[in-house]
Amino acid sequence: MTLMDGLLSALGAPRRRAILHLVRRRERSAGEIHRALGDVTFGAVSQHLGVLERAGLVSARREGRSRLYQARPEGLEPLREWLESMWDVALASLK
């Protein structure tokens, strides 16, 4: 699986996009994320966080017994570059 495949796969699930949105401005524990989502099990939240972490979209750090998660905007850079390259091609074909 390529880096881009991993990013697109991670972002393809609405629940993971919701989690990424929750941690974009500040760190949150898995428990906080679970409570904010409401209709998903804690185990599912943990699995989604694992996918996001492996894709480089969130970072985690330990604080006591908790793990705090925060979005890594730089993890989206390869996707941004790819989209910009597609945009450049589209603009060139309009000329």
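The values are calculated or read from the model by the stated rules, or taken from the named source; none is laboratory data. Quick caveat, the model's predicted, so the values are computed rather than measured. Ligands, DNA and RNA are excluded from the accessible area calculation, which covers all protein heavy atoms including side chains. Shrake-Rupley method; radii C 1.70, N 1.55, O 1.52, S 1.80 Å.
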Subject >> Convex hull volume per residue in cubic angstrom - Cα atoms of region 8-95 >> reply: 100
Original post:
In square angstrom, rounded to the nearest 10, how much accessible surface does Leu3 have for a 1.4 Å probe?
Top reply: 110
Original post:
Using a Gaussian network for the chain with springs between C-alpha atoms less than 10 Å apart, which of these wobbles most: Gly56, Gly64, Gly12?
Top reply: Gly64
Original post:
Relative contact order, percent, of region 27-95 when contacts are C-alpha pairs under 8 Å separated by at least 6 residues?
Top reply: 28
**OP:** Kindly sort Arg65, Arg15, Arg54 by accessible area of their heavy atoms, largest first, with the probe set to 1.4 Å.
**Re:** Arg65, Arg54, Arg15
Original post:
Taking a probe of 1.4 Å, how large is the accessible area per residue of region 5-95, in Å²?
Top reply: 65
Original post:
Which residue, Glu32, Glu84, Glu74, tops the fluctuation ranking in a GNM of the chain built on C-alpha contacts under 10 Å?
Top reply: Glu84
Original post:
In the full protein assembly as shown, how much of His21 is accessible to a 1.4 Å probe, in Å² to the nearest 10?
Top reply: 100
